[in-house]
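S.K.: Sharing a structure below in structure tokens format, with a few things to ask.
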Amino acid sequence: MNVTTVFKKTVLMLMLLIVSTVIYAHGERNQEPFLRMKTLQWYDVKWSVKNEATIKVNDELILEGKVHFFSRWPQVINKPDTIFLANATPGPVFIREESYMNEVPMIQSTGVEVGEVYDFRVKLKARIPGRHHVHPMINVESAGGLVGPGIWVNVEGDADDFVYSVETRTGQTIENLGTYATGNVYKWHAIWAAIAAFWLIWWIRRPLLIQRYLLVKDGQWGKLITLTDKKMGATLMVVIIGLLIYANSITREAYEYTIPLQGGRAVVDVVPNSDKGLITVKNKRAEYYLPGRTVTIDAEITNNHNLPIRIGEFTSANLRFINKALPYAVAGLDEGYPEELVAGASLGIDDDTSIMPGETKRVLIDATDVAWEIERLSSLLNDPDSSYGGLLFFYDSNGKRIIKEVYGQILPTFKK
Ligand SMILES: [Cu+2]
């Protein structure tokens, strides 16, 4: 091998390495920070299997939890008036069997209110083997897919073994939707393709461009389109319309009841939240200290609750910063939540003593983790609108969790 070949191979290897790290996740980090911090706040997300679990083709997987629609919804995208609950996976590697928001089936789109929390539940079934990153996702009209936290699931087996059986409203059991009536699909495609091919050949079998151009130039229409052509055209018209009528009648006979695809929207009611007024949080100042990967929030917190409260967690863009000094907060971190989304260090609070009923306290909250950088949230400094949003989880002395939004402008700093 000469030097050039070695060089070329090295470059190729490096490129492959770069490409493979890019496709390692599937793009959730590419969304602008404001889209991830100020739209959806997912929490209590649970998967029915553990991160890195191995399941088989046809096995089911349930994602469920809560999603909070941020009240300071970004102005540049539509309000979540039309949304659709889905799942983010690399392609149709799972099928979605069921999905619900606040127990309402989410076969159709719906609209939600900002500042409110909704329960979601998505039931998937493994279809294609591989190692897949599985997230809940909500598609918002004009904003695209906004994804929740994801875990890795390994699917083993053979894609050909995938079976999706359903029972129709008339009680008929369809053994496998994946292959249901595909014979008909092939047959009808073949029939129409044959007619199309015949019609094409009918015309192109004759001399084409130059001769016909000359006939057009001379205005010899009778030679361009002969009487036989016209007869053939008329015959085909009769055959095609006849075929359509016939196909329609045998379809109606075979499937007595057909329901059109539903274009309406589902309605999901808001579950009243009586905790809303219990605590108020005012952002006084917020900074992102770049070299330290720390977001510092200077907040004024008022406790209108009848029990003392403490700050347990700050969460934004699926990242979680837990106050490890508070057992309720530590217990609130569900087992199986992706580790890379949980800060290693505790949430820093300059005065972590309880905020008493009626008390207003000014606290400095530090959320430090390299994840700000890995998750590319540090690029919020390049946004023309440098603002942040997140949720603060408070716990009262009985362990009851009260969740409040926190938001404001954020300034970059380069020195502590
Ligand atoms: Cu992913």
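Yes/no per residue for (1) in the same structural domain as residue 400 (by TED's automatic domain parsing); (2) in contact (Cβ under 8 Å) with a residue 24 or more places away in the chain:
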residue	(1), (2)
228	no, no
240	no, yes
267	no, yes
301	yes, yes
314	yes, yes
322	yes, yes
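S.K.: Which one of these does residue 285 not meet: (1) within 20 Å of residue 72 (Cβ to Cβ); (2) surrounded by 14 or more Cβ atoms within 10 Å (Cβ to Cβ)?
M.R.: So the condition that residue 285 fails would be (2).
S.K.: Further question on the same structure: Does residue 325 satisfy being exposed (fewer than 15 other Cβ atoms within 10 Å of the Cβ), under 18 Å from residue 399 (Cα atoms) and of a type outside the set (Val, Ile, Thr)? Spell out how you get there, then give the answer.
M.R.: Numbers: exposed (fewer than 15 other Cβ atoms within 10 Å of the Cβ): yes; under 18 Å from residue 399 (Cα atoms): yes; of a type outside the set (Val, Ile, Thr): yes.
So residue 325 fits the description; yes.
S.K.: I need a count of the residues in segment 132-171 that are part of a strand (DSSP E or B) and within 13 Å of the ligand (Cβ to nearest atom). Full working, then the answer.
M.R.: Within segment 132-171, the subset part of a strand (DSSP E or B) is 132-140, 144-147, 151-156, 166-167.
This time we only want the ones that are within 13 Å of the ligand (Cβ to nearest atom), so: 132-137, 145-147, 151-153.
Of the residues in segment 132-171, 12 are part of a strand (DSSP E or B) and within 13 Å of the ligand (Cβ to nearest atom).
The values are calculated or read from the model by the stated rules, or taken from the named source; none is laboratory data. Just so it is clear, the structure is predicted and the values come from calculations on it, not from any experiment. Quick reminder, even Gly has a Cβ in these numbers, built from the backbone with ideal geometry, and neighbours come from all protein chains shown.
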